[in-house]
Structures are given as structure tokens and as C-alpha cells.
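Chemist: I am attaching a structure below and will ask some questions about it afterwards.
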Amino acid sequence: MSQAELGFYHIVTSGEWISKIAAIYGFADWKQIWNAPENADLRSQRSDPNVIYPGDQVYVPQRKLREESCSSDKRHNFVLGKNKKRLKIKLENAVGVPRTNIPCMLVIDTKEYKGLKTDSKGMIDVLISDTAEGGWLFVGGDQRERYQVRLGHLDPIDMVKGYQQRLHNLGHYKVRVDGITGPFTNLAIRAFQERENLIGRSPALKVDGIMGPKTQQALLDRHGY
């Protein structure tokens, strides 16, 4: 029997998330993998199926065959639908104010999403392929401002690399993301804490450069996931 017939464990690599893994193995619904009993421990460690860690083991269950009734004297076409995933990106200024009504263009893999504008919350919202790798976001009418978009490379926030990545995305961590706690990480955490207090977060965060539970939750709230 093949792996698909028996079920097996997939070792997560950088750039993967559950729905992408599901698409790779031909599952129309990623929940069939995520909710498998064998993945109970994984679910207890990773609350968000979009944020899993390289080295995590994901059990891929046996696929269930679907039967379709059709007559034998006619020609039939069966089309496998392609799953889509919603990509949301928020633009803010240096003090956390949403950048509204800003023209943007998004390029994911080879597909261009033109004519986008941020909404009243500074958001753009598009549907992309489950297997998309990433691309670029071009901001403004002249498109001189641009940001690289890397899908599936965000580590869980309880990992040092995970909160470094989020601090980097918010403009606080300006050196290479390395997963090592050091003075640059502490300075970035302090800068984040100070900015959150400046824009009126309640209750205020203690400005100590430590990624404690309250700062971690504030970072999740600000970053979005």
C-alpha cells in the first residue's frame, strides 16, 4: 500500500502551513488533517494551523474515496477544485494609525493583484492559492515603497524567532532574525512596549525589554496572529 492509503507523518519544513500540506497531498479540506486524532498533541502546542514550526510532525490520514454516479454511455468531465486562502495585510504608520485609502499592487508567485486600496482599517484582503509561496507588496501610486511577502515562514510566538519576526514586521527589530535573545531583541521589545503605551494601550505594558505574557499578547493583538 502507498503512504496515501495507510496514513503517515509529514515533517514540517519552513514555508509550510496546514492547508498547504493538505493541498500537497490532495485534500480538499485541511480540517481532515488538522482534526485527525493523531494530531491532538500538535493542536495542543500550536493553536493556529497557519503557524506551525519546522520539525513539527503532522499526521496525514488515509484519504477517503468519493464516489460519483454516472451513466456508462456518456462522456463525463470531473474538475478538481482549487482551494483558496484569504491573505490579509494591514498597513500602519509609525504610531499605529491605519494607512487608509492607499493604492497597492500585490504580486503573489506570478499572479498580480492590481487596483487594490487599503480600507478604513488600513487592510487589503485577497484570495490566494493554498500553495502560494510569496511575493511583493507595492504601496502607493508610484509603487516605490515595497515589502517582501513570505507565506508560511512565521514561527509560533512562543519561540524567540517567532516574536523577532513579528517585531521585524512592525518595524522594531532591524537586524537579522536569528532566534537568539540578545541586546537587539531586548531593544526591539522595549520599543514595542513604548509604542503600545504611547498609542494608549490599556493596561499599560511594563517597559522592561522582556517578552512576558502581557507583552506577548499585545504583540499578537498588534500583529494580527
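Chemist: Which of THR110, THR185 has the fewest other C-beta atoms within 10 Å, and how do the rest follow up to the most?
Modeler: Numbers: THR110 6, THR185 22.
By the 10 Å Cβ count, ascending: THR110, THR185.
Chemist: If I take all pairs of Cα atoms in the chain, what percentage of them are more than 23 Å from each other? It would help to have the intermediate numbers written out before the result.
Modeler: Numbers: 14688 of 25200 pairs.
So the pairs more than 23 Å apart make up 58 percent of the total in the chain.
Chemist: Same structure, new question: Taking 7 Å along the Cα-to-C-beta vector as the label spot, tell me the LEU220-ALA40 distance in nanometres, rounded to one decimal.
Modeler: Going by the 7 Å Cα→Cβ label model, 2.3 nm.
Chemist: Here is a follow-up. Most exposed first by the Cβ proxy, i.e. fewest other Cβ within 10 Å, how do LEU220, LEU154 rank?
Modeler: The order, fewest Cβ neighbours first, is LEU220, LEU154.
Chemist: If you filter region 17-86 for trypsin sites (Lys or Arg not before Pro), then keep DSSP loop positions with at most 15 other Cβ within 10 Å, what is left? Intermediate values should be presented prior to the final figure.
Modeler: On the way: sites: LYS20, LYS31, ARG43, ARG46, ARG63, LYS64, ARG66, LYS74, ARG75, LYS82, LYS84, LYS85, ARG86; in loops: ARG46, ARG63, LYS64, ARG66, LYS74, ARG75, LYS82.
Here the sparse-neighbourhood loop sites are ARG63, LYS64, ARG66, LYS74, ARG75, LYS82.
Chemist: What is the order of VAL126, VAL95, VAL12, fewest Cβ neighbours within 10 Å to most? Intermediate values should be presented prior to the final figure.
Modeler: Details: VAL126 16, VAL95 8, VAL12 20.
The order, fewest Cβ neighbours first, is VAL95, VAL126, VAL12.
Chemist: Check cross-link reach from LYS31 to the lysines: straight Cα distance under 20 Å, and skip same-chain residues fewer than eight apart.
Modeler: Straight-distance partners of LYS31: LYS20, LYS64, LYS82, LYS84, LYS85.
Chemist: Taking square-rooted eigenvalues a ≥ b ≥ c of the alpha carbon gyration tensor, is region 3-60 rounded, prolate or oblate, where a/c under 1.5 means rounded and, failing that, a/b exceeding b/c means prolate?
Modeler: Details: a/c = 1.40, a/b = 1.24, b/c = 1.13.
In terms of gyration-tensor shape, rounded.
Chemist: What distance in nm separates the simple spin-label points at MET159 and LYS84, each placed 7 Å from Cα in the Cβ direction?
Modeler: The two pseudo-label positions are separated by 3.0 nm.
Readers should treat all values here as calculations from the given coordinates under stated rules, not as data from a laboratory. Because the structure is predicted, anything quoted here is derived from the model rather than measured. Neighbour counts run over all protein chains shown; Cβ positions are idealised from the backbone, glycine included.
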